[in-house]
1. Could you please let me know if ALA180 is modelled with pLDDT of 75 or more and open to solvent by less than 20 Å² (accessible area, probe 1.4 Å)?
2. Report yes if some residue within the range 135-157 is part of a loop (DSSP other than H, G, I, E, B) and either modelled with pLDDT of 85 or more or surrounded by 15 or more Cβ atoms within 10 Å (Cβ to Cβ) (or both); otherwise report no.
Amino acid sequence: MSDLQAAVAAGVVGAEDGYRALLRATVEVARAIFHAKAASVFLLDEETEELVFEAVAGEGADTLVGQRFPADTGVAGWVVVTRQPLVVEDLTKDTRFSREAAESTGFVPKGLMAVPLLAEEKTLGVLEVLDRPQETKFTLAEMDLLGLFGNQAAIALDLLQRARRARAALEGEGELKTLAAFAAKLEGADEDERRAGLDLLDALRRLL
């Protein structure tokens, strides 16, 4: 119920396509800005403890979305666990790199940059930028820029997950489906009606 209310408050009921498009745009721009061969966003699926390709630009863009692997795998897994950004110029010398996982995607990078995607205290996933030009040395300014892309991706990923939870509620059964349908109606309401509707949802949450 709290997820449903939060989804309505954020204005995301039924907005999955828009947030998926925002994620795709984020990785496409990141790839272009860093002159990289690929960029991707992984979603951390807490239920299955897997990382899922949610958006991909460049190498693998047509085939990787939806592909999964264990959440503790490779550099992305390390970033999820530590919640720390990471830059590796030569992956052949880094023990955190999983060549097997990379080969399963059809693209084995030489180097990468990665940042965790965080919403408050929760880890949502990872943004990776793969194979930027090796002749250029990585700078702190680039890390700051990568962090900005990570912030944007985290916002879009958080809203996408909220929209999916709201849709799941709409497709469910019983009182939750009824409440979700009511929540969806609030999307087109004016500010006063929306506020009153959210107050009602909060009262129902406490009652139920």
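1. No; evaluated as a whole, the condition is false for this residue.
2. The initial filter retains those residues of the range 135-157 that are part of a loop (DSSP other than H, G, I, E, B), namely 135-139.
From the residues that got through so far, the ones that are either modelled with pLDDT of 85 or more or surrounded by 15 or more Cβ atoms within 10 Å (Cβ to Cβ) (or both) too are 138.
Taking every residue of the range 135-157 in turn, at least one turns out to be part of a loop (DSSP other than H, G, I, E, B) and either modelled with pLDDT of 85 or more or surrounded by 15 or more Cβ atoms within 10 Å (Cβ to Cβ) (or both).
The values are calculated or read from the model by the stated rules, or taken from the named source; none is laboratory data. Keep in mind the model is a prediction, meaning the values are calculated, not measured. Here the Cβ is made from the backbone with ideal geometry for all residues, glycine too, and neighbour counts use every protein chain on show. Surface areas here come from the heavy atoms of the whole protein model, side chains and all, with no ligands, DNA or RNA. Shrake-Rupley method; radii C 1.70, N 1.55, O 1.52, S 1.80 Å.
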